[in-house]
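Report on the structure given below.
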Amino acid sequence: MFVFRLAQISILLVAAIALAACASSSKPQPVRPSGPDPYYTAMYGPLPEELFPLPATDISKVAPNFLRQQVPYSTIEPPGTVVIDTPDRYLYLVQDGGTALRYGIGVGREGLEFAGEARIGRKAEWPRWIPTSDMVAREPERYGPLANGMEPGLTNPLGPRALYLYQNGKDTLFRIHGTPEAWSIGRAVSSGCIRMLNQDVIDLYNRVPEGTRVVVIQAEPPMSAALPPANAPMGTTADNPLLSF
């Protein structure tokens, strides 16, 4: 009788433990916050110390692979070189140890693109913007009234920084510059120049001196172990058509 009672108690204890385990596993798990990673939210936060205080960038409109990050990168280019991989919509700043700092970019429309090698011949903070003569001739109603240029500011198409590319000492009229249109990163929307998120172009501006070599690739991407390109995020038509430069 004692053995039978002991067996009953053991069965009840096992059942209780099993029920407790089920009860604990059925507890609701903590809900992970939705939205961008806080690390990137801070990276693309406001910059109130700028000449024209910059608001935070809404990175919810940017695919995560286009946010600034260090990645494995195999290339014959030496550290310090800027490689613009137009097909994949990336700009790489080559670093030591087979790595690069990668930024997402927006690129020029077909037929309005630059390829080859150049040097950063000039750098400017909060630059003025002047449409090229070709732009004025192509769209006189749009660019004609701005033929004399546009003053710096938050609505200026070049954003807070511009890097001017030169070949053989001459301006190519090709620039790397900022944009407030986060939705355009990863897309071909501009009139030939390379656009970056405002916080990214400031970061790049601070890292590269005048004279930096820039390689722009249009057809074949460089040898790279970096992540493959993702589909560009969908966006809406810009409120300010000038920013499509």
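Throughout, read-outs are computed from the coordinates displayed, never taken from laboratory work. None of these values were measured; they are calculated from a predicted model. As a convention, Cβ positions derive from the backbone with ideal geometry for all residues, glycine included, and neighbour counts pool all protein chains shown.
Taking every eigenvalue of the Cα gyration tensor of region 44-108, multiplying by 5 and rooting it, what semi-axes result, largest first, whole Å?
Numbers: eigenvalues 128, 42, 25 Å².
Semi-axes (√(5λ), whole Å): 25, 14, 11.
Name the trypsin sites (Lys or Arg not before Pro) in region 166-202 that are in a loop by DSSP and that have at most 15 other C-beta atoms within 10 Å, would you? Walk me through the numbers before you get to the answer.
On the way: sites: LYS170, ARG175, ARG187, ARG195; in loops: ARG187.
Of the trypsin sites (Lys or Arg not before Pro), not one in the loops of region 166-202 has a Cβ with at most 15 other Cβ atoms within 10 Å.
Relative contact order for region 61-201 using alpha-carbon pairs under 8 Å, separation at least 6, rounded to a whole percent?
Working: 302 pairs, mean separation 36.6, N = 141.
After rounding, I find 26 percent.
Of all the C-alpha pairs in region 133-180, what % are more than 17 Å from each other?
On the way: 563 of 1128 pairs.
Counting every Cα pair in region 133-180, those more than 17 Å apart make up 50 percent.
List the GluC sites (Glu not before Pro) in region 94-182 that DSSP assigns to loop (not H, G, I, E or B) and whose Cβ has at most 12 other Cβ atoms within 10 Å. Which are they?
Details: sites: GLU110, GLU113, GLU117, GLU125, GLU141, GLU181; in loops: GLU110, GLU113, GLU181.
Taking region 94-182 and a limit of 12 other Cβ atoms within 10 Å, the loop GluC sites (Glu not before Pro) found are GLU110.
Can you tell me the mean projection area, over all orientations, of the convex hull of region 55-191's alpha carbons? Units nm², please. Provide the component values of the computation, followed by the final result.
Working: hull surface 37.1 nm².
Over all viewing directions, region 55-191 projects a mean Cα-hull area of 9.3 nm².
Need one number: the % of Cα-Cα pairs in region 146-204 sitting beyond the 15 Å mark. Display every interim value, and only then the final one.
Values: 890 of 1711 pairs.
Of the Cα pairs, 52 percent sit more than 15 Å apart.
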